[in-house]
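The values are calculated or read from the model by the stated rules, or taken from the named source; none is laboratory data. Since the model is a prediction, treat every value here as computed from it, not as a measurement. Heads up, the Cβs are rebuilt from the backbone with ideal geometry, glycines too, and the neighbour counts pull from every protein chain shown.
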């Protein structure tokens, strides 16, 4: 049975009903120790480090197509799989996997809304231990335009149809918290701390749609514009990317090198 009808943001109750369906692949990107103690039944664990390829000082870059295919195959994924990703920290690591799947053009994917916090907090059954997956056969055949590089961002700094959304903390954005050779932000970027999308009163789910839309609109981040998300290594901003996609924003892309690249390259302009 195909699960391609599942929404991008999937609630725990719906996932419970779908567990065991052919083609459904639940992927846990939380801590390995947490996974061994409790996880969604049948979930495969995937270490976050396996889906990034840092080249210091730049972090958060994508692995090459061969490595991505190998990692996805190792957790039992095929081209027909519908992936439901979650983690134990608010959804950023899971969001990074879903963004990676967007980049390689895999369409069947969902974020478990609230992740492990929602699953456990609302009494859904869990398993312990680690399950060895049956190997899949996933081959990456190309990439979409969901990823951009520094040259693209630089070329669009004065483009009114493009908004750069910086998902770091306000202190990082201002330069008070410096995590690269230079502090500050990309000229013209707007700041939206990724945690502002999370409802801490509702098991770390995304905030209600109307509230999210109002938050983004107040920053000039509207659906008529192309939105380029970034943070330090496109970890936190992957969650923001998924939030925007879930709201139906038609043109959302991500700058993978993020501030770890921009802030360490003296040839690129900075505002503070």
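Go through region 118-130 and report how many residues are in a loop (DSSP other than H, G, I, E, B), in contact with a strand residue (DSSP E or B) (Cβ under 7 Å, 6 or more places away or on another chain) and more than 22 Å from residue 9 (Cα to Cα). Even if it seems obvious, please write down each step before you answer.
Within region 118-130, the subset in a loop (DSSP other than H, G, I, E, B) is 122-126, 128-130.
Among the residues that remain, those that are also in contact with a strand residue (DSSP E or B) (Cβ under 7 Å, 6 or more places away or on another chain) are: 126, 130.
If we keep only those that are more than 22 Å from residue 9 (Cα to Cα) too, we end up with 130.
Total satisfying the criteria: 1.
Only one of the numbered conditions (1) at negative phi; (2) surrounded by 18 or more Cβ atoms within 10 Å (Cβ to Cβ) is not met by residue 203, and that is (1).
Considering only residues in region 136-154 that are surrounded by 12 or more Cβ atoms within 10 Å (Cβ to Cβ) and more than 18 Å from the chain's Cα centre (by Cα), the one that is nearest to residue 269 (Cα to Cα) turns out to be 154. Is one or more of the residues making up region 56-64 on the phi > 0 side of the Ramachandran plot and in contact with a strand residue (DSSP E or B) (Cβ under 8 Å, 6 or more places away or on another chain)? For region 56-64, residues on the phi > 0 side of the Ramachandran plot and in contact with a strand residue (DSSP E or B) (Cβ under 8 Å, 6 or more places away or on another chain): absent. Screening the candidates 170, 208, 133 for the property of being at pLDDT below 95 and either surrounded by 14 or more Cβ atoms within 10 Å (Cβ to Cβ) or within 23 Å of the chain's Cα centre (by Cα) (or both) yields one hit, 133. If you check 139, 179 for being assigned to a loop (DSSP other than H, G, I, E, B) and more than 30 Å from residue 272 (Cα to Cα), only one passes: 139.
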